[in-house]
Amino acid sequence: MTTQGAGETLAVRSIDTQTLLALHRKMVITREAEQTWSDMLQKREFYLMGHFGTGQEAVGVGLGHALEPDDYLFPTHRGIAEYVGKGMAQNDIWAEYYAKTAGPAGGKGGLHLSDYRLGLIGLVGSLGADYAISAGAALSTKLRGSDRVVVVSFGEGTSSQADLGSAMNVAALWKLPLIFAMTNNEWCELSPASEHVCTPFVAPRAEGYGIPWSVVDGNDVVAVYSAVRTVVERVRAEAGPYFLEFKSYRVGPHWSGDDGSYMCQEDVCAWQERDPIAACERRLLEEGMVSAGEISGIKKAAQAEVAAAIERARGLADPTYEEMLAGVYSGAPAGGGAREVS
Amino acid sequence: MAEMPYAAAVNRALAEELARDERVVVLGEDVRAGMFGTTSGLVQRFGEERVINTPIWENGIAGMALGLAITGMRPVAEIMFADFMYLAMDEIANQIASWTYMTGGQTSVPLVIRTAGGAGFAIGYNHSQVTEASFLGPPGLKVVAPSNAADACGLLKSAVRDDDPVLVFEHKFLYFVPQEVPDEEFLVPLGKANVLRSGDDVTMVAIGSMVGKALEAAGTLAADGISVEVIDPRTLVPLDQETIFGSVARTGRLVTVEEGRKRGSVGSEIAAEAAEKIFGSLKAPVARVAAPDIPVPPGPLAESMYVPSAERIVETVRRLVG
Ligand SMILES: Cc1ncc(C[n+]2csc(CCOP(=O)(O)OP(=O)(O)O)c2C)c(N)n1
């Protein structure tokens, strides 16, 4: 990695077979689910637009998997890797995507997934709104003397929202247990990052706020997982913020309705060579952790799990008109998820 | 019953709620010192962890309140001027309002945002508006506008205890007016209007700083033989339609009075509801007394012409009845 400036280099830790396999499984199921979603859209069998994270699965999975269930994660809009990483079940994801009442949010989340049992406490649709919300959650954990950490995840395009600077300021000022986790995938919707941000990396800006930072290879799931583990331990112990920038690349279009024709095919091909799932597979095989048969077994199991979850979701009850109207105010819980108890 | 200024009544409500529930925290710009006295002295009693000075970041004050509220705290945030509520619009209108619904009730959003609106200092523009009308729309919010010291105390206490987000629009010109407040602890329920004067000819719904002027106008009109019922809704969302429209059903006339501008006003909403629900009881068109649709002008003279006066209210009612 070039252009790391004065950032920290976080040593990549050794990883046990079980953890690497779990990370691999989660990346595979993420890709299978998003691929199925995309195929259903092509065939006009599904309504919900998607912002897929193909090629970036290592970031969300490594990040989510490295956190404890009661750490809070505010994910991005891109893909489902962060939810899967944090442990959200396919059944729950698809019940919400089909807007069915059996979902953790009673089908009222849709794309804006949440699962309060897993520290997934909400996704904002207006980019950057969660800088402040995550700072508030981090202040809350500090005031309550809890050792939870809070992660706010965003893209380099969203780094232009002014609240990022404000949130870094309060996080440093109040020594909040808040981790800024940015994925630099070189694209912001239909335009390259070079039209959005004035420097190739955003993390060095943290230095101006006295926040330590590091740039991490976002296509290496072990590097992501181990960086997050290291940073979480530090943040828990020292209770101060950290800025992580994951370098990756969006090899597909911005969303399901665009063909990506504005992207440079050589770049896409070069990054496809660095596919995180293929790299993880190679490592598992080279280190003799699994056999080729087991690799294809993992893929088949993922396909079956996604298919079953979609099938189940289709059969679930739709909300009635009354159920749609309910739940604007508290006291009318419509979801199947647990109420937050802190 | 002792007299205390509105600002002191707000301060008392906050102190009582901070003492009652340790999940309550107060946050905002300079809340430790307290610009208008509403939060002064609280930090000495409750400490810096409960009374938190924030940097100048209105969207952040609202957003951090949301983050606190969905993780077990009960924040009372302050936006120093009601004009600056617009800087927090994304968090308030897009996030806070919809969070309970969006999460299917996995969480509630027990937060309060207090702010100070209104003319009185003659500086115009960004330090003089009342902005409550802009917050009637986003579903999921409750909106309160106390018109006197006792309501400022009792409504705020109810707001802090409520599990939904409540916006409290205080009025900075009322802050310094001493008024009677009960000595014992009390709550004023949300969603309940207050009939301040009964009458038979006209129902006058007055909001916040206009309640005093509406009562003054009603006194003048009584001398002319026009009997005016004055209602302070106190809570704008949810609105106590039963009390207001019950009164209109008797009087047949409805006048709304507010300090805000006319287009998209609180009165616009009440008038539209009246047209839909009680059109048959109306003997005259609904009248809205409000500020003109211009920015709040600077200078004491322009300000006094901008803000509705008791005389304007009287003229409006005379036209309606005459
Ligand atoms: C406030 C706001 N402005 C614009 C959008 C539209 N939008 C959706 S995704 C996106 C690109 C974000 O880029 P980046 O943060 O780099 O994340 P990426 O999509 O690359 O994962 C934009 C502009 C939005 N959702 N919210």
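Residues checked against (1) assigned by TED's automatic domain parsing to the domain that holds B:Gly117; (2) under 12 Å from the mean Cα position of the chain (by Cα):
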position	(1), (2)
B:Asp164	yes, no
B:Leu167	yes, yes
B:His171	yes, yes
B:Pro189	no, no
B:Thr203	no, no
B:Ala218	no, no
B:Asp232	no, yes
B:Thr235	no, yes
| request: Evaluate the range A:237-245: report whether one residue or more is away from the ligand (no atom under 16 Å from the Cβ) and open to solvent by less than 10 Å² (accessible area, probe 1.4 Å). | output: yes
| task | Return the total of residues in the range A:131-160 being within 12 Å of the ligand (Cβ to nearest atom) and polar (S, T, N, Q). | result | 4
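Which helices (runs of 4 or more DSSP H) sit wholly inside the range A:252-342 and have at least 1 residues that are open to solvent by 60 Å² or more (accessible area, probe 1.4 Å) and at pLDDT below 95? Give the steps one after another, and end with the answer.
On the way: elements: A:265-272, A:276-286, A:292-315, A:321-325.
Per the criteria, A:265-272.
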| said: Consider the range A:60-89. How many of its residues are away from the ligand (no atom under 16 Å from the Cβ) and within 14 Å of chain B (Cβ to nearest Cβ)? | reply: 4
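Kindly establish whether A:His112 is more than 11 Å from chain B (Cβ to nearest Cβ) and within 23 Å of B:Ile92 (Cα to Cα).
no
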| field | the range A:92-108, residues that are more than 18 Å from the chain's Cα centre (by Cα) and more than 9 Å from chain B (Cβ to nearest Cβ) | value | A:Ala95, A:Tyr98, A:Ala99, A:Lys100, A:Ala102
| Among the listed residues A:Gly128, A:Gly136, which satisfies the condition of being facing chain B (nearest Cβ under 10 Å), without any contact (Cβ under 8 Å) to a residue 40 or more places away in the chain, surrounded by fewer than 24 Cβ atoms within 10 Å (Cβ to Cβ) and more than 28 Å from A:Ala308 (Cα to Cα)? | A:Gly128
| In the range B:20-75, which residues are small (Gly, Ala, Ser) and in a loop (DSSP other than H, G, I, E, B)? | B:Ala33, B:Gly34, B:Gly37, B:Ser40, B:Gly41, B:Gly47, B:Gly72
| query | Failed condition for A:Lys175, given (1) within 14 Å of chain B (Cβ to nearest Cβ); (2) in contact (Cβ under 8 Å) with a residue 60 or more places away in the chain; (3) open to solvent by less than 40 Å² (accessible area, probe 1.4 Å), with all others met? | reply | (3)
| task | Working only within the range B:13-62, note down all residues that are under 23 Å from the mean Cα position of the chain (by Cα), closer than 23 Å to A:Gly165 by Cα and open to solvent by 30 Å² or more (accessible area, probe 1.4 Å). | result | B:Asp30
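Could you please find all residues in the range A:173-216 being aromatic (Phe, Trp, Tyr) and either modelled with pLDDT under 95 or away from the ligand (no atom under 16 Å from the Cβ) (or both)? Show your work before the answer.
Pass one, the range A:173-216, residues aromatic (Phe, Trp, Tyr): A:174, A:180, A:187, A:201, A:209, A:213.
Scanning the range A:173-216 gives A:Trp174, A:Tyr209, A:Trp213.
The values are calculated or read from the model by the stated rules, or taken from the named source; none is laboratory data. Just so we're clear, the structure is a prediction, and the values are computed from it rather than from any experiment. Please note: Cβ atoms are built from the backbone with ideal geometry, for glycine as well, and neighbour counts cover all protein chains shown. All accessible areas refer to the heavy atoms of the entire protein, side chains included, with ligands and DNA or RNA removed. Shrake-Rupley method; radii C 1.70, N 1.55, O 1.52, S 1.80 Å.
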